[in-house]
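The values are calculated or read from the model by the stated rules, or taken from the named source; none is laboratory data. Every value quoted in this text rests on a predicted model; they were computed, and no experiment measured them. Here Cβ is always computed from backbone atoms with ideal geometry, including for glycine, and neighbour counts include all displayed protein chains.
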Amino acid sequence: MWKSVIAAGAVLSLAACSDSGGSNPPTSAPEPEAPAPVSAAQGEEPEVGAAAAGPADGEVELPADYKSWSVFLSGIQKAETKQIRDIYLNAQAESASAAPLPDGSVLVMEIYSVETDDAGEAVLGEDGQMQKKALSKVFVMEKNAGWGGGQPEGLANGNWVYAAYEGNGAPAQVEYNACRACHAPLVDQDYVHRYPEYLGQR
């Protein structure tokens, strides 16, 4: 819900992380409890290149009940990649009224393929929008105090750690440095794409 492309997986990861299209207003839903943070000062920037504490990229679990969470943004139309995205956030993330988000925050981004015609062009509905076809990928970003160590130079994303899954829930093979490169410039909004837009709509 995410620069230098060095593998086929990097193309997918970079396309998934970059988020600048339109969206529908968020809605609310009951929130589950998030995992307790590990001990460290909240918001502390990990030392770049330091040994990782907590999970590495690819090791964050996909929450089984994330669809019961509140919606961050939904129906995001990505015409250039023929994707539609829905993003959910847990109670900890929702509790924030400004960056940074609190420890224990989790965001989950669903990526859907879209209906296409015989020429491979996206089929638009009566509302002029692309239409969902199938869930293709799910990306997770989670932060906890002390997480995010060992990040490559120039790719620090604070305490955030990433994971990617196929539509069927199996782990996906992606280039996580591409995710980090996409989020790294967003330090003023805690590395979360479109956070000001979300705050303005809720």
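At pLDDT below 95, of a type outside the set (Phe, Trp, Tyr) and over 21 Å from residue 105 (Cβ atoms): is that true of residue 128 in this structure? Against the criterion (at pLDDT below 95, of a type outside the set (Phe, Trp, Tyr) and over 21 Å from residue 105 (Cβ atoms)), residue 128 does not qualify.
I'm checking my understanding of the structure. Among residues of the stretch 139-161 that are in a strand (DSSP E or B) and among the aromatic types (Phe, Trp, Tyr), which one is nearest to residue 76 (Cα to Cα)? Selected residue: 139.
When residues in the stretch 61-75 are screened for being in a strand (DSSP E or B) and over 13 Å from the mean Cα position of the chain (by Cα), 2 of them pass.
Comparison of 164, 181 shows that the only residue that is under 24 Å from residue 84 (Cβ atoms) and in a helix (DSSP H, G or I) is 181. Counting residues in the stretch 93-103 that are crowded, with 20+ Cβ neighbours inside 10 Å and part of a strand (DSSP E or B) gives zero. Selection of the stretch 58-72 for residues being more than 15 Å from residue 87 (Cα to Cα) and surrounded by fewer than 17 Cβ atoms within 10 Å (Cβ to Cβ) yields 58, 59, 61.
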